[in-house]
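Scroll down for the structure; my scribbles are underneath it.
The values are calculated or read from the model by the stated rules, or taken from the named source; none is laboratory data. Fair warning: this is a prediction, and the values are worked out from it, not measured in the lab. Glycine also receives a Cβ, built like all others from the backbone with ideal geometry; neighbour counts cover every protein chain displayed. When the accessible area is computed, the model is the full protein with side chains, heavy atoms only, and any ligands, DNA or RNA have been set aside. Shrake-Rupley method; radii C 1.70, N 1.55, O 1.52, S 1.80 Å.
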Amino acid sequence: MHHILLLGGTTEASALARLLGAQGISATLSYAGRTENPRPQPVPCRIGGFGGVEGLVAYLREHRVTHLVDATHPFAARMSAHAAAAARIAGVPFVALTRPAWRMEQGDNWTGVAGIEEAVAALAGPPRRVLLALGRMHVDAFAAQPQHHYLLRFVDAPDAPPLLPDHHLVVDRGPFSVAGDRALLCDHAIDLVVSKNAGGTGAQAKLIAARELGLPVLMIERPAMPDRRELFRPEEVLDWIAHTPATERGV
Ligand code: NAP
């Protein structure tokens, strides 16, 4: 009997949860707990960290997890490292469901940076009007460049206001359209977009809108991920589950 632990927090994880639910495959979807009121899911959910690699190993054993699927966001590097390590220790078959990174296309004007710190440093200079499309965890770092006007878009209203002295906050969990994002960029007279290279379609509208408007993008490249098998479509994960026997646990 299969029991899948699906590490989520992404559109792809929710899509896989739907497929697992529809197939009647026993699964638990795990959230970090960053988003208030996550959308209802067709499989049981648990919320909150596991307590590092050790905690996850204990969870895998206690709940007799037969397959571990890491469908967290491409920037959730800690969880992904923990998942790979815990699966190895517990002897649980493991795969990642992720998305290819976005690539520059004709008309794009991107500058790549390695991480948030480098993005902050790249913003040194005269005041600009910046769409900071990063989520609330990372925006405060940009207080080090207080000269800019920042347009922020969060999934939930934050408990405390962002530390940026000059900002405008939009609360919207999408889905976003190119026309909608183009209007947003125009209405706020944005002249630079800062984005993580998340990949996928959910957050791509702003980049297409930036291309159409000829706006530059500061693109934060992905963190390194552990050595692991990666699949890109939820259907491939179902196939992998069907063809991967649960190995003996209790290592
Ligand atoms: P992270 O830095 O890799 O994870 C930090 C800690 O949060 C992990 O060590 C783990 O705690 C806990 N955690 C993360 N994902 C979890 C999950 N799915 N279930 C249970 N615990 C989880 O991750 P993050 O960047 O803070 O992202 C947190 C969540 O938001 C992820 O689930 C991710 O898919 C989602 N998300 C992230 C981004 C982003 O840009 N980073 C964007 C959209 C969605 P323990 O060590 O205690 O187990």
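With the Cα gyration tensor of region 110-220 giving a ≥ b ≥ c as the square roots of its eigenvalues, does the rule (a/c under 1.5 for rounded; else a/b larger than b/c for prolate; else oblate) give rounded, prolate or oblate? Rounded shape, in that the Cα axes give a/c under 1.5. Highest mean first, the peptides 198-204, 68-74, 83-89 sorted by other C-beta atoms within 10 Å per residue fall in the order 68-74, 83-89, 198-204.
Please report, as a whole percent, how much of the solvent-accessible surface of the chain comes from carbon and sulfur atoms (probe radius 1.4 Å). Accessible surface attributable to carbon and sulfur in the chain totals 53 percent.
Segment A122..S26, full-extension length gain: 29.9 nm, with 0.36 nm per residue of separation and the alpha-carbon distance subtracted. Label zone of D156 (point 7 Å out along Cα→Cβ, amide N under 16 Å): in region 10-43 this covers 10, 30-41. Accessible surface calculations at 1.4 Å, restricted to protein heavy atoms, place the chain at 49 Å² per residue. The calculated P(r) of the chain, using every Cα pair and 10 Å bins from 0, goes 7, 29, 32, 21, 10, 2, 0 in percent. Taking the Cα centre of the chain as reference, the dipole from Cβ charges on Lys and Arg (+1) and Asp and Glu (-1) amounts to some 380 debye.
Once fully extended, how much extra length lies between R18 and V170, figured as 0.36 nm per residue of separation less the alpha-carbon to alpha-carbon distance?
Extra length available between R18 and V170 comes to 51.8 nm.
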